[in-house]
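**Student:** Quick one: the structure is below, questions incoming.
The values are calculated or read from the model by the stated rules, or taken from the named source; none is laboratory data. Computed from a predicted model, the values in this text were never measured in an experiment. Glycine also receives a Cβ, built like all others from the backbone with ideal geometry; neighbour counts cover every protein chain displayed. To get the accessible areas, we keep the full protein, side chains included, count just its heavy atoms, and leave off ligands, DNA and RNA. Shrake-Rupley method; radii C 1.70, N 1.55, O 1.52, S 1.80 Å.
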Amino acid sequence: MKLLVRNLARSTSEEEIRNLFTAYGDVDACDLVLDQTTGKSKGFAFVEMPNEDQARKAIANLHEAMVDKSRIRVKISQ
């Protein structure tokens, strides 16, 4: 299941995001979206989790969680 993670602090790394989600299950991919010009985070990422139950548990626990002083939003990617 592909998840969209929004409202990330610009300082949050891809590794930190992956670690947040691996606490709830397996993570196939974690892609922090970067600005092509500056190379800095755009404040959102995509996380792919193969197990739907684990992905739903991650959403339930991480949606609106405080990460690096930002309240992140997590939902199923459309």
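**Student:** Considering only residues of region 1-15 that are open to solvent by 20 Å² or more (accessible area, probe 1.4 Å) and assigned to a strand (DSSP E or B), which is nearest to Glu64 (Cα to Cα)? First the steps, then the outcome.
**Tutor:** Pass one, region 1-15, residues open to solvent by 20 Å² or more (accessible area, probe 1.4 Å): 1-2, 4, 6-7, 10-11, 13-15.
Next cut, assigned to a strand (DSSP E or B) only: 2, 4, 6.
Numbers: Lys2: 18, Leu4: 13, Arg6: 10 Å.
So, considering only residues that are open to solvent by 20 Å² or more (accessible area, probe 1.4 Å) and assigned to a strand (DSSP E or B), the one nearest to Glu64 (Cα to Cα) is Arg6.
**Student:** Out of the residues in region 52-77 that are in contact (Cβ under 8 Å) with a residue 40 or more places away in the chain and of a type in the set (S, T, N, Q), state the one that is nearest to Met1 (Cα to Cα).
**Tutor:** That would be Ser77.
**Student:** So, one more: Looking only at region 16-45, count how many residues are under 19 Å from Arg56 (Cα atoms) and assigned to a loop (DSSP other than H, G, I, E, B).
**Tutor:** 6
**Student:** Any residue in region 20-34 that is of a type in the set (D, E, K, R), more than 11 Å from the chain's Cα centre (by Cα) and open to solvent by less than 90 Å² (accessible area, probe 1.4 Å)?
**Tutor:** Scanning region 20-34, I find no residue that is of a type in the set (D, E, K, R), more than 11 Å from the chain's Cα centre (by Cα) and open to solvent by less than 90 Å² (accessible area, probe 1.4 Å), so the answer is no.
**Student:** Would you be able to tell me the number of residues in region 35-68 that are open to solvent by 30 Å² or more (accessible area, probe 1.4 Å), touching a Ser or Thr at 6+ places or on another chain (Cβ under 9 Å) and on the phi > 0 side of the Ramachandran plot?
**Tutor:** So the count comes out to 1.
**Student:** Filter region 46-60 down to residues that are assigned to a helix (DSSP H, G or I) and more than 12 Å from the chain's Cα centre (by Cα), then give me how many there are.
**Tutor:** Counting residues in region 46-60 that are assigned to a helix (DSSP H, G or I) and more than 12 Å from the chain's Cα centre (by Cα) gives 6.
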